[in-house]
Amino acid sequence: SWRGRRTSGAGARSSLCRGSLRRMPGDPRCQLQRWVERGDSQHDVVVLHLTVTGVSRSGVESGGPVRSELEAALRRAIAAEAGAYVGLEDVAAFFSPAEPVVGFGGARCFGGREGFADENLSESPAQDSYGGAAVSGDREACALRDDSSVKACCVVIPPAGVQAGTVSTALGSRIATLGPANKPALAVRILQELAGAARLLQVDRSKPIEVNDLTRPEVRSASFPEIQCDKGHNIPDKVFCILDRLQVFGDLRLVSGAGLGAPHLTGVDAEEIQWALQVVVEVYKDASLQRLLIAIAKGLLRSDRSSCHRWCASIPLGALRRILHDNPVKRMICERHPAVYEQQLRLSNYLEKCKLCVAFAAMAGDVLRRWNDDLGIEERAFLANMAKKLTNPRFSVQKARGVFDRTSCRFVVLESLLYSSEPVESAIQHIRRIPTDVLCCSFNSPWRAPRAKEASFFDLYPALAQRPDVSGALLEEFVDLLAQAYGAHPEADLRAALKAFIEDADVAAWQRRDFFVAFISACRFPRHAGDDEPRRCCSFRRSWTSQKVREAIVYPDTEGLELIALEVVLGEYGVATAHPGCDDDYGRMELAEMLETVLLVSTGDNLWRWSKDKLTNDPSMADEARRFLNGVASRHISGVLKSVAGSSRTTVYDDARFRDLAEGRKPWAHFAGKAASRFSEHSKALARRPFEEFSQLLWMYFKLDFALDAGSLWKFMQTLEEGSDCLASRFNMLAPPGSTLRMCMGE
């Protein structure tokens, strides 16, 4: 069972948790289906009240992030303390007395649908625009209250096989048990959940958030309003079961004795519910899309019950009008307001505050539209195969919408898979089957706001690298696949994708260095250095004996790619040291390590030509580079060379290998195969680093300093020779007199 996986997995516990399909004994139908067909849905729920002080009441009433954070924290705390069988989806939280009127089940539910105000559509003055229960409570009294107190009502719907009394007892014991400062344990847990969002929720930073007036939980009777639908509605039982599991009709449920109005449902409300059911039935005709929608909706609704409403707000107007074609409220709006602009405004208003079942149906309609119109056969097959693996996706609304985009669907799903407990090999197998034109494309990533930049499959590397079960060989294989894709499609903008990846603040410094080195190494050599067999290439790994297959592999040109990384490093250094009084060396070691990587992969006269160009066309960047070299950069590079020259190695120079570097026959590269490790780990083990790395570092550092006329070599040599027995002993070990390196440095 899906709930059993979240709990301990024991047989007895799993048998009690067959989803949230609450059935009567001997009745195979869930309560939602019985309510729709006969209007008889009575069951018990657990209700408790509390007051949260120090929280912005106006922020909660506005329905923004303050309300979402407070609601989510209350739901997490109640679900954690209500017992092992109660999940997050079984808890609802709402706020009063600003909205003291109707049922529950979502962020917009306590106090009913605020509605889309149109007196022409109201059936009576005592109802809201679409027939909700009358609003009660003294509005003037509400306005006079201060803005630092919020009253909340939490309702727990016991899952199948669990009695309401059991949940009430569990919560009651947590209220009776005292924690720190003689506060109830449940109140302490709520404060712990609120701590992460305290800066957002607090009205006054000097006054802490407190939980007061925590009442003992009570068992109340809950029911749906009366509505009857002919049994010939042709809605499958499975649709009712899934909708009941997702709790999308929770905002229609009324709780007796909880300060709520009398049950009331109008004809328009009944038509809305029937319309929502019919729209969802269209989605469930496709079994593959059905599983995918369940996985995504479950993840969205678990995190935020208003996520379906936010999805509706992002649907284009033309598509929205087609989705709502038979919706009764949309039909009434169009009849009364012929102006297109006014229709658009009122439809947006309606969907912002509509019933959750209507918002979910509109979301399902948009998913069906994009599934049929935007996705190709390959994308639909991929998503159908991955739907069963998305057990607990943590998607935002924008990211969930990316699942139905041709270019981003594979990225979004595979990133979620890499952050889950699925074996890493499973994700690699899917990456191998991605078409090369998709693997090298860039796509919009609105879920990465506020940066709002384009993403590429390079951005999968951090998720892959942080997995504890990933090997260096798998990382190398992934990078090799990307290199082949960009080689097969030279029209793809490799430089823009690489720059965006290196600039991404969410990518750790060691991850961007490892990826940068691995990608350039993969492009430079189809073989391991010194190996007779070609380097493993997953796309053709069974055909290495064929020379024609090896010749068919094309890799992109890496000439000048190191200059992209160098400019990013200088830009970050300038931003980091722009504040007055900032120490140039403080916290800049990661930038110096990235410069070390740039020097290692650089070839020929790229750094020399770049320096001369900046001196002429961009003097400010040239000045930044000089300042960087005279600061932390010279200290780091000379420190690395000093450590190896002062080690137990008898020699650190190989003239034959350096001639290969200088003449471009065999440029430097690093591979994470067999006994080797990632570059970030390899660079820390000086005893295992080959001789050519130190020669390359010394040569390119001197070339960059000479080209910029930075004047950092005096400080560089002082650090290198500090504590040595005689003058220039370490420098002579790294670059012996008469060597090719000395000749290149003197040119």
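Worth pointing out:
- Trypsin sites (Lys or Arg not before Pro) restricted to DSSP loop in region 662-747 with at most 16 other C-beta within 10 Å: R665, K674, K684
- Relative intensity, log₁₀ I(q)/I(0), of region 674-724 from a Debye sum that treats every alpha carbon as a point, q = 0.15, 0.17 Å⁻¹: -0.58, -0.70
- The apolar share of the surface of region 283-434, taken as the fraction of accessible area on carbon and sulfur atoms (1.4 Å probe, ligands and nucleic acids excluded), comes to 48 percent.
- Probing with 1.4 Å while keeping every protein chain in the model, the per residue accessible area of region 387-475 equals 39 Å².
- Restraint check, K389/K499; K642/K666; K666/K703; K612/K666, Cα-Cα greater than 23 Å: K389/K499; K642/K666; K612/K666
- Unsatisfied cross-links (Cα-Cα over 25 Å) in the set K453/K684; K353/K399; K330/K453; K285/K453; K399/K453: K453/K684; K330/K453; K285/K453
- Cα shape, region 414-453, gyration tensor, a/c 1.5 rule: oblate
- The label point for R467 and the one for T215, both projected 7 Å from the Cα toward the Cβ, are 5.0 nm apart.
- Cα-based radius of gyration for region 413-487, normalised by 2.2 N^0.38 Å, reads 1.10.
- Cβ charges +1 (Lys, Arg) and -1 (Asp, Glu), total dipole of region 347-428, debye: 280
- GluC sites (Glu not before Pro) restricted to region 669-746 and DSSP loop, no more than 12 other C-beta within 10 Å: E722
The values are calculated or read from the model by the stated rules, or taken from the named source; none is laboratory data. As the structure is a prediction and not an experimental result, all values here were calculated from the model. For neighbour counting, all protein chains shown are included, and Cβ atoms are generated from backbone atoms with ideal geometry for every residue, glycine included. The accessibility values were calculated without ligands, DNA or RNA, using every heavy atom of the protein model including side chains. Shrake-Rupley method; radii C 1.70, N 1.55, O 1.52, S 1.80 Å.
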